[in-house]
Amino acid sequence: VNMFSKLTVLILTVLMINCTAVLADSQGSLFVDTHECKVKNMSMMLQESLYEIQQHTSKVKFRVDSPVGDIWVSFDDFYGRFSMDRNGMLYDPAIVDIQADSLETDASFIGMLLKSESFLNVEKFPSMRFVGSNLEWYSDTRAILKGYMTLHDVTQPVAFYVELINADESCLPERVTVKATTTIKRSEFGIHTLLPIVGDDVNLFLSIDGVKIDQAASMVSELRN
């Protein structure tokens, strides 16, 4: 009886070890498969929704009131990327860098004044940046893009009203055009020159053409920077 009992215990022990090993292996395989599936799906979603700004066909402008009328200013050098994703992905939905020295106006003396220490001070602060943090859609083609703008080394929350121009309900196209507008107060960024003679409100207007890009290439580019 004792021999039979010992043999039974030994057989049960071996079976339990084998079953545990098989279960662990199957759970490991399931975890790997699930992880790979999630990574693959996320990669596909990112590639489907990420766009690179096309500088030559896009426009970045601002307007400010003055005693001589509205002053319109445009920037020729800017770059960035944005997403039109509607699924709440965790990466930033937009990053736009603007080179302040690329400022252009109809009157050269106004351009020189705006580039000077009194206003943008482009030598000390050569660039401006907007980083989006949240994209909230309230219709098929309209959304609010919330984020942070850095100007004069001051960062403030900003919300853009966004409109998708060439919307495609079936899928996101290879190219998109997006218009975005907002108003900021220059005094909040430490620019107080000629207030209130020259308006404090600065109206920003963006017309952005984007071409779909590969997320992997974008990540490599960011790592290099």
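Identify the trypsin sites (Lys or Arg not before Pro) of the stretch 71-150 meeting these criteria: DSSP loop state and at most 16 other C-beta atoms within 10 Å of the C-beta. Of the trypsin sites (Lys or Arg not before Pro), the ones in loops of the stretch 71-150 whose Cβ has at most 16 other Cβ atoms within 10 Å are ARG86, LYS124.
With a 1.4 Å probe rolled over the protein heavy atoms of all chains, the accessible area of PHE189, PHE125 falls in the order PHE125, PHE189, largest first.
For the stretch 178-197 versus the stretch 117-147, the spacing of their alpha-carbon centroids is 12 Å. SER187 contributes an accessible area of around 30 Å² to the protein surface, as traced by a 1.4 Å probe with all chains present.
Applying the criteria of a DSSP loop state and at most 10 other Cβ atoms within 10 Å to the chymotrypsin sites (Phe, Trp or Tyr not before Pro) of the stretch 55-154 yields TYR138.
Rounded to the nearest 10 square angstrom, ASP140 shows an accessible area of 100 square angstrom against a 1.4 Å probe.
The values are calculated or read from the model by the stated rules, or taken from the named source; none is laboratory data. As the structure is a prediction and not an experimental result, all values here were calculated from the model. For neighbour counting, all protein chains shown are included, and Cβ atoms are generated from backbone atoms with ideal geometry for every residue, glycine included. Quick note on the areas: whole protein, heavy atoms, side chains included, nothing else; ligands and nucleic acids left out. Shrake-Rupley method; radii C 1.70, N 1.55, O 1.52, S 1.80 Å.
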